[in-house]
1. Quick one: V124 ticks every box in (1) β-branched (V, I, T); (2) surrounded by 21 or more Cβ atoms within 10 Å (Cβ to Cβ); (3) outside any helix (DSSP H, G or I) except a single one, so which number is it?
2. Tell me which residues, restricted to the range 167-205, are surrounded by fewer than 17 Cβ atoms within 10 Å (Cβ to Cβ) and closer than 26 Å to K134 by Cα.
3. If you check every pair at least six apart or on different chains, which have Cβ atoms under 8 Å apart with a residue in the range 171-196 that is farther than 27 Å from T147 by Cβ first and a residue that is of a type in the set (D, E) second?
4. When the range 206-244 is examined, which residues are found to be among the β-branched types (V, I, T) and surrounded by 16 or more Cβ atoms within 10 Å (Cβ to Cβ)?
5. Among the residues of the range 197-231, how many are of a type in the set (A, V, I, L, M, F, W, C), under 15 Å from P150 (Cα atoms) and in contact with an Asp or Glu (Cβ under 9 Å, 6 or more places away or on another chain)?
6. Show the residue pairs that are 6+ apart or on different chains and have beta-carbon atoms under 8 Å apart, the first residue being within the range 255-271 and of a type in the set (K, R), the second being part of a helix (DSSP H, G or I).
7. So which residues in the range 131-174 are small (G, A, S) and modelled with pLDDT of 90 or more?
8. Please enumerate the residues belonging to the range 130-166 that are open to solvent by less than 60 Å² (accessible area, probe 1.4 Å), charged (D, E, K, R) and under 28 Å from R229 (Cα atoms).
Amino acid sequence: MNTTNLTTFVTVMHTGSISGAAEKLFITQPAVSKRIKNLEDEFNITLFDTVGRGIVPTQAASEMLPHAKRWLEDYENFKINLQHSQHIVSGKLVIGTSHHIGLHHLAPVLKHFIQAYPAVQLEVHFVDSEKAHKAVLDGDLSLAFVTLPPVYDKRLTYHTLWSDPLYFMTGTLSALATKSNVTLEQLARYPAILPSANTFTSQITLAEFAKHNLKPYATMSTNPLESIRMLVSVGLGWSVLPQTMVSQDLERIDMADNIELQRYLGVVINPKLTQSSSVTALLDLLAPIE
C-alpha cells in the first residue's frame with residue numbers, strides 16, 4: 001500500500017507550505033507538488049489554492065485531514081501488529097499424516113507441540129501418504145508426515161524422521177510360519193495381502209520382487225496397514241509389515257539370505273509456500289528426531 005501521497009498531504013497541512021513540507025520530508029518542492037496533484041486527481045478535488053506566493057487549504061483539504069491522519073495511524077498499527085504476529089506461534093495449522101505414522105509415531109510429537117504452543121489451532125488430516133504428498137505439492141496442506149517415496153520429487157523438501165524396516169510376516173497358523181529359508185520365488189506362490197500398487201510401501205515390495213523377475217501373488221489389496229495386519233493374522237495371506245505392528249498372532253517368515261525391506265518415514269514440505277510461525281515451530285520441534 002502506497003501511503004506516500006497521504007503522508008505528504010498531512011505534512012503540507014502541518015507546515016502550511018510546499019517548501020516546509022519538502023524540507024521536512026527531505027524531498028524537492030516539485031516532488032511535493034506532484035504528490036498533492038496525484039491525490040487531487042485520485043479524488044477529483046482541489047486541496048490547495050495558490051494565493052500570492054503561498055497556498056491556502058480548501059474545504060476539501062480540511063475535511064480530508066482527520067481522515068488521512070486516521071488512515072495513516074491505522075495503517076501503521078496494522079503494520080506493527082502484522083509484523084509482531086509473525087513472531088507469535090498462533091493461528092490455524094493444517095497438517096496431514098498417514099494412519100500408521102499418526103498411530104505409532106506422531107502422538108508424542110503433537111502432544112509436545114500442543115503443550116508448547118496452545119494458541120495454535122491444530123487440524124490433523126489422516127490420509128494415505130501418496131495423497132498427503134500430493135496435497136503438500138498442491139498447497140492444500142502446510143506439511144505432511146508420510147512414508148517417504150522411493151524417488152523424491154525435486155519440487156518438495158523431505159526430512160527423514162524414522163527408520164521403519166519392513167518384515168515378511170504371516171499368521172501363526174499359516175504353513176509359511178513353519179518353513180525355513182523361504183525364497184522370494186517360493187513366497188510368490190503363496191497368497192499375499194499388499195497395499196495398492198501405487199503406494200510407496202507397495203512399490204518397495206514390488207521392486208524387490210522385480211529384481212528377481214518375480215511378482216507376488218496378491219489376492220487382496222487394502223491400504224491401511226492395520227487392516228492388512230488383521231487379515232494376515234487370521235491366515236488369509238502374507239504381507240510386509242513394520243516392527244511396530246508385530247504382535248503375538250503374527251510370525252516372521254524365515255527368509256533366505258535374511259531379506260529385509262527398508263522404508264523411511266518423515267515430513268514433506270513445499271519450499272514455495274511461505275512458512276508460518278507455527279510450521280517453523282513444529283519443524284524446530286522435529287529437529288532432534290532427525
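1. Unmet for V124, out of (1) β-branched (V, I, T); (2) surrounded by 21 or more Cβ atoms within 10 Å (Cβ to Cβ); (3) outside any helix (DSSP H, G or I): (2).
2. Correct list: S196, A197, N198.
3. K179/D254; S180/D254; N181/D254
4. From the range 206-244, those among the β-branched types (V, I, T) are 219, 222, 228, 232, 234, 240, 244; that's our starting set.
I228, V232, V240 - these are the residues of the range 206-244 that are among the β-branched types (V, I, T) and surrounded by 16 or more Cβ atoms within 10 Å (Cβ to Cβ).
5. Of the residues in that region, 1 qualify.
6. Within 8 Å, the pairs are R263/F200; R263/T201; R263/I204.
7. The initial filter retains those residues of the range 131-174 that are small (G, A, S), namely 132, 135, 139, 142, 144, 163, 171, 174.
Within the range 131-174, A132, A135, G139, A144, S163, G171, S174 meet the criteria.
8. Within the range 130-166, E130, D164 qualify.
The values are calculated or read from the model by the stated rules, or taken from the named source; none is laboratory data. Keep in mind that this is a model prediction, so the values were computed, not measured. Please note: Cβ atoms are built from the backbone with ideal geometry, for glycine as well, and neighbour counts cover all protein chains shown. Accessible surface areas use protein heavy atoms only, side chains included; no ligands, DNA or RNA. Shrake-Rupley method; radii C 1.70, N 1.55, O 1.52, S 1.80 Å.
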